[in-house]
1. From the list B:174, B:181, B:198, which one is away from every other protein chain (no Cβ under 11 Å), touching a strand residue (DSSP E or B) at 6+ places or on another chain (Cβ under 9 Å) and more than 30 Å from residue B:73 (Cα to Cα)?
2. What tally of residues in region A:171-200 results from selecting those that are surrounded by 13 or more Cβ atoms within 10 Å (Cβ to Cβ) and more than 20 Å from residue A:232 (Cβ to Cβ)?
3. Consider region A:210-232. How many of its residues are crowded, with 16+ Cβ neighbours inside 10 Å and touching a helix residue (DSSP H, G or I) at 6+ places or on another chain (Cβ under 7 Å)?
4. Quick test of your reading of the structure: residue A:142 fulfils all but one of (1) touching a helix residue (DSSP H, G or I) at 6+ places or on another chain (Cβ under 7 Å); (2) in contact (Cβ under 8 Å) with a residue 12 or more places away in the chain. Name the failing condition by number.
5. Which helices (runs of 4 or more DSSP H) does region B:8-71 wholly contain that include 2 or more residues that are more than 22 Å from residue B:164 (Cα to Cα) and within 14 Å of chain A (Cβ to nearest Cβ)?
6. Within region A:120-152, work out how many residues are in a helix (DSSP H, G or I) and closer than 14 Å to residue A:18 by Cβ.
7. Sort through A:100, A:117 and tell me the only one that's in contact with a helix residue (DSSP H, G or I) (Cβ under 7 Å, 6 or more places away or on another chain), within 23 Å of residue A:157 (Cβ to Cβ) and not in a strand (DSSP E or B).
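Every number here is computed from the coordinates shown, using simple stated rules; none is lab data. Remember, it's a predicted structure, so these values are computed and weren't measured experimentally. Please note: Cβ atoms are built from the backbone with ideal geometry, for glycine as well, and neighbour counts cover all protein chains shown.
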């Protein structure tokens, strides 16, 4: 599987908190291989461990390299992130655009995701080592993301591109039409019974209700709840009448 | 425009660093309206300001509310994030799935993105106030994202859904076929001139080169560079011959 062949490379990271937070982001997104290039931050500090949270294993298993070239020497594709436009930074794409290509390459070889230092970003010499350039979409009013946020977005796009994530299967299957119509008949009767509307206007009012209940999915369970409300309303109106109650003049 | 109608609501945030980092993520993604519900973190602390970086304006303009209900009282859609599956958390979707719906609603009214506390997440009572539930895709081995990372991903998906972000227009237009063929003719001749190949095998070798140069886009500028290399190679080989040099036996 591709994700385990993907290495996150932080070049000269400055803050231990960011190094730790990147570990957490990686583990959240199914990655595990962290490389630091001549870090200025102390990856053994309490701050790094605190921000790594339950991803201390990634922090502990990190590898450190003196240069970016050494850190990516065994990587096929090398994708560098940059927010700076400039010469030779032309073939740049969003992480969503590159993700399928990077994942495909990671199925047969190692792939590096390279992030520059917090204060300067990647230099032109470092950019030259990259086969792919990534630009995260961001507002022109403040384009530069926090280091761990940038790593989060890129790792997230790779994880999403695996299409491995499935939401819990509670996705409501729509209730069948017959059940829905039974519900509308019962609501119609209930609304007549409580005097919310009178027969001449009933069909018109029901169109409004149909619109309301058609705006989103309605599962069988939803419809059972709505049928229960109508049934209880009818019972209540009948009981009221049996006890000598009468309806006020209808409003609708 | 929709983004300015989107409010990020942090419920009882615990760490000032996270509150600050959320401000930065918001500004990176074109958002500006931050609400805190009975925060445990001190949003006026140096930590919050440091992590907000150039988004101190969002931090300063935050609003604080005693309850989530108060913070979202003027919001149409209220989207809550949760990593916990559970009863009544069924209609949950990924941020990418919800983004178009949330953006559409934000064009005509206010929309809230609600994030729970770092230590507990949103309670069932808070979930009940939400019209939409969001689950960020994440690894089952470590599903829970850092608060500001979660905000980053959701804000990023909303910004991406605006389709407002355009990469710099350096996107290489492909060089026209005629220019490409001129280049291949010149490379063919250059490779013969330097003795890299001999005529009987030349067409076969050129197929390999054609494959290599067809694996990605080739802009006019790329082709001009390649033509320049071939021209200079031909010149160099001619000069070598004019000075009495001879080729070694061809390898190909």
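1. Numbers: B:181 fails: touching a strand residue (DSSP E or B) at 6+ places or on another chain (Cβ under 9 Å); B:198 fails: touching a strand residue (DSSP E or B) at 6+ places or on another chain (Cβ under 9 Å).
Just a single option satisfies the conditions, and that option is B:174.
2. Counting residues in region A:171-200 that are surrounded by 13 or more Cβ atoms within 10 Å (Cβ to Cβ) and more than 20 Å from residue A:232 (Cβ to Cβ) gives 4.
3. The qualifying residues number 5.
4. Residue A:142 satisfies every listed condition except (2).
5. Details: elements: B:16-28, B:46-52, B:56-60, B:68-71.
Result: B:16-28, B:46-52, B:56-60.
6. Taking region A:120-152 and keeping what is in a helix (DSSP H, G or I), we get A:124-128, A:147-152.
Add one more test, that the residue is closer than 14 Å to residue A:18 by Cβ, and what stays is A:147-152.
Adding up the residues that qualify gives 6.
7. Working: A:117 fails: in contact with a helix residue (DSSP H, G or I) (Cβ under 7 Å, 6 or more places away or on another chain).
None of the others qualify; the one that does is A:100.
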